[in-house]
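Bear in mind that the values in this text are calculations on the coordinates, not laboratory data. Note that the structure is a prediction, hence the values are computed from the model and not measured. No Cβ is skipped: glycine too gets one built from the backbone with ideal geometry, and neighbour counts run over all protein chains shown.
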Amino acid sequence: GAVVSQHPSRVICKSGTSVKIECRSLDFQATTMFWYRQFPKKSLMLMATSNEGSKATYEQGVEKDKFLINHASLTLSTLTVTSAHPEDSSFYICSAASSGYSNQPQHFGDGTRLSIL
Amino acid sequence: GESVGLHLPTLSVQEGDNSIINCAYSNSASDYFIWYKQESGKGPQFIIDIRSNMDKRQGQRVTVLLNKTVKHLSLQIAATQPGDSAVYFCAENLMGNNRKLIWGLGTSLAVNP
C-alpha cells in the first residue's frame, strides 16, 4: 500500500521549455502533497505544499510563477517548471500524505531528473 | 541553515554487523519522527516512525530510539546487508505544522561484503 507514482522519471530539454511533472497517489487519497528539490549529496528541500482544491503554499525563496502547482484531485498533483533554464536542472521529488490523521508518514515518488540544456 | 561545503556523513560497516545511525533533531515541539532510506536515483522510502509519546519502536530488523531529553533519534539496523547501503534521513514533524517535515542532513551507509 501507499504507492506514489511520479512521471516522467527523466526529462532532458532545451532552455526555455516548460516541463510538467505528475505525482499520483495510486492506492490512497492524498489531501496534501509536497514537492521537493534535491541537490547531489544534499537533503531534501521543500519547495511547496500542495493542498487539494486550494492554492499551493510556497516556501520562502521559491517563485510561484516559476513553479506552478496544481492539485485538482485527491490523487494527482502536478508541478510545471515554466521557461526552464539550466539552473533549474535538479532532482524533483513529490510526496503524498494520506487523508485523515496527521501523524502519518509521507510516501514518496521515485523522483524526476530534470536536465535543461 | 544549509550545510554548504560539508560532506555527507558516512558510516561503513561489515555485512552482518549491526548499524546505528544517529540524528539530532531541532525542535522540542516536534511530536512525530520518521526514518527514510534513499537509494541512488530514487525517492525516499519509509522505514519506521515513532511518536513522541514513545521512546522505542521495533520493526523488521530495525529499531528506532527516541530520547526527547537530548533531542536525539537513532536507527538501529540488525544484521546489516549489502541491500541496506543507502542514504538514511531522519525527519521530524513539528506539532500542528500541517505535516511539513524538517529533514536531517542524511547519513550514507556503506555495507562491505
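Of the residues A:12, A:30, A:48, the one whose Cα sits farthest toward the positive end of the charge dipole of segment A:5-57, with +1 on the Cβ of Lys and Arg and -1 on the Cβ of Asp and Glu, is A:12. Neighbour counting of Cβ atoms within 10 Å sorts the residues A:94, B:23, fewest neighbours leading, into B:23, A:94.
R0 = 25 Å: FRET efficiency of residue B:74 with residue A:73, Cβ-based, nearest 0.05? If you can, show how the numbers build up before the last one.
Numbers: r = 39 Å, r/R0 = 1.56.
FRET efficiency, residue B:74 to residue A:73: 0.05.
Can you work out the FRET efficiency for the pair residue B:54 and residue B:81, with r the C-beta to C-beta distance and R0 = 25 Å, to the nearest 0.05? Present the calculation step by step, with values, prior to reporting the outcome.
On the way: r = 26 Å, r/R0 = 1.06.
Plugging the Cβ-Cβ distance into 1/(1 + (r/R0)^6) gives 0.40.
Per residue of peptide B:100-106, the mean number of Cβ atoms on other chains within 10 Å of the residue Cβ is 5.
How many Cβ atoms of partner chains, on average, are near each residue of B:43-49 if near means within 10 Å of its Cβ? Write out the running numbers ahead of the final one.
Values: counts 15, 12, 3, 7, 1, 1, 3.
Whole-number average of other-chain Cβ neighbours for B:43-49 is 6.
Computed on the protein assembly as shown, the Cα convex hull volume stands at 129 Å³ per residue. Over chain B, the fraction of Cα-Cα pairs per 10 Å bin, rounded to whole percents and listed from the shortest bin up, is 14, 46, 33, 7, 0. Normalised by 2.2 N^0.38 Å, where N is the number of residues, the alpha-carbon radius of gyration of segment A:1-100 equals 1.03. Packing, taken as the mean count of other beta carbons within 10 Å per residue, orders the peptides A:69-77, B:9-17 from highest to lowest as A:69-77, B:9-17.
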